[in-house]
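Contents: one structure, followed by commentary.
The values are calculated or read from the model by the stated rules, or taken from the named source; none is laboratory data. Because the structure is predicted, anything quoted here is derived from the model rather than measured. When we count neighbours, we look across all protein chains shown, and the Cβ atoms used for this are built from the backbone with ideal geometry, even at glycine. Accessible surface is based on the protein model in full, side chains and every heavy atom, while ligands, DNA and RNA are left aside. Shrake-Rupley method; radii C 1.70, N 1.55, O 1.52, S 1.80 Å.
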Amino acid sequence: MDHPMSFFPVGFNPRDPSVGLLDLVSIDTVDGVFRFILGGDGRFVDVDGHAWIGCQLLEAPDLQVSLNGTAPAGSISLTYIPDPSDGDLVAELRALGTEYILDREIVFWVQPIGAMAEFHAPVHAPIRWLTRKGASVAFDLSGPMERRITLNFESIGAGRNTASRLTNTTNDHAALIGEANSSLRFAPTDTFQEQKLFG
């Protein structure tokens with residue numbers, strides 16, 4: 001993933017050849033927030049005491065920042081071969097349904113690491129760099145063994161470029177901001193003029 005350079009904390013030089021970044025993702029659900037390390041194994045505890053669990057099987061390709069009026073979507077995928085003794089993860093997630101993650105925050109973070117010791121005693125807090133909304137969950141069963149679970153998400157800006165269908169009336173203005181503006185009853189309802197004001 002490509003990360004902006006301007007948001008790193010004071011005292012951290014992202015151009016130092018000895019530093020690194022952990023790619024993290026937190027997923028808000030009905031049961032709380034789950035935290036993961038993308039593309040790496042292990043367990044990392046940040047400066048706030050939150051534990052992030054690593055999984056090399058978890059990937060989030062082609063993350064894009066919202067630019068020039070776009071609201072890019074994306075996905076996080078987990079591909080694995082199930083262990084028969086661990087139960088059926090696909091069936092468990094199907095039972096939870098889309099409502100489990102729908103419109104909840106999926107936040108991508110970067111964790112600055114200045115030295116190997118900071119894996120066990122971090123100095124800097126994770127930095128939020130991308131926020132998305134949960135949209136749907138898809139399942140792919142390839143043959144008798146391989147399983148893929150995909151969490152689809154969309155930009156928090158999705159739908160902002162659509163018309164609100166509100167007009168400049170007292171009622172619609174009240175629906176928009178929570179209080180009525182009685183002066184709007186004098187607003188013209190059409191652009192027809194019987195006589196030009198100028199020219």
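Identify, from the list Leu130, Leu141, the residue that is modelled with pLDDT of 80 or more and open to solvent by less than 40 Å² (accessible area, probe 1.4 Å).
None of the other options fit; the residue is Leu130.
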Q | In segment 15-37, the residues that are among the hydrophobic types (A, V, I, L, M, F, W, C) and within 14 Å of the chain's Cα centre (by Cα) | A | Leu24, Val25, Ile27, Val33, Phe34, Phe36
Q: Can you run down the residue pairs with Cβ atoms below 6 Å, 6 or more apart or on separate chains, where the first is in segment 15-40 and among the hydroxyl-bearing types (Ser, Thr, Tyr) and the partner is open to solvent by 40 Å² or more (accessible area, probe 1.4 Å) and part of a strand (DSSP E or B)?
A: Ser26/Val33; Ser26/Arg35
**Q.** All positions within segment 29-59 that are in contact with a Leu (Cβ under 6 Å, 6 or more places away or on another chain) and assigned to a loop (DSSP other than H, G, I, E, B)
**A.** Leu57
Q: Would you check if Ile27 is surrounded by 15 or more Cβ atoms within 10 Å (Cβ to Cβ), in contact with a Gly (Cβ under 8 Å, 6 or more places away or on another chain) and at pLDDT 80 or above?
A: yes
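Right, Asp48: loosely packed, with under 13 Cβ neighbours inside 10 Å, touching a strand residue (DSSP E or B) at 6+ places or on another chain (Cβ under 8 Å) and assigned by the TED database to the domain that holds Arg147 or not?
Working: loosely packed, with under 13 Cβ neighbours inside 10 Å: yes; touching a strand residue (DSSP E or B) at 6+ places or on another chain (Cβ under 8 Å): no; assigned by the TED database to the domain that holds Arg147: yes.
Spelling it out, it is not the case that Asp48 is loosely packed, with under 13 Cβ neighbours inside 10 Å, touching a strand residue (DSSP E or B) at 6+ places or on another chain (Cβ under 8 Å) and assigned by the TED database to the domain that holds Arg147.
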Q. Can Thr167 be described as at pLDDT 70 or above and in a loop (DSSP other than H, G, I, E, B)?
A. yes
Q.
Just the residues that are within 20 Å of the chain's Cα centre (by Cα), part of a loop (DSSP other than H, G, I, E, B) and not β-branched (Val, Ile, Thr), please, taken from segment 92-148.
A. Gly97, Leu102, Asp103, Arg104, Ala125, Pro126
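Find the residue count for segment 80-127, including only residues that are closer than 30 Å to Arg15 by Cβ and either open to solvent by 30 Å² or more (accessible area, probe 1.4 Å) or at pLDDT 85 or above (or both). Before the answer, list the steps.
The first filter runs over segment 80-127 and keeps only residues closer than 30 Å to Arg15 by Cβ, leaving 106-127.
From what is left, the residues that are either open to solvent by 30 Å² or more (accessible area, probe 1.4 Å) or at pLDDT 85 or above (or both) are 106-113, 115-127.
Matching residues across segment 80-127 total 21.
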Q) Do the conditions hold for Asp83, that is, is it without any contact (Cβ under 8 Å) to a residue 12 or more places away in the chain and more than 13 Å from the chain's Cα centre (by Cα)? A) yes
(Q) All but one of (1) open to solvent by 40 Å² or more (accessible area, probe 1.4 Å); (2) out of contact with any Phe, Trp or Tyr (no Cβ under 7 Å at 6 or more places or on another chain); (3) under 11 Å from Arg132 (Cβ atoms) hold for Ile76; state the number of the condition that does not hold. (A) (1)
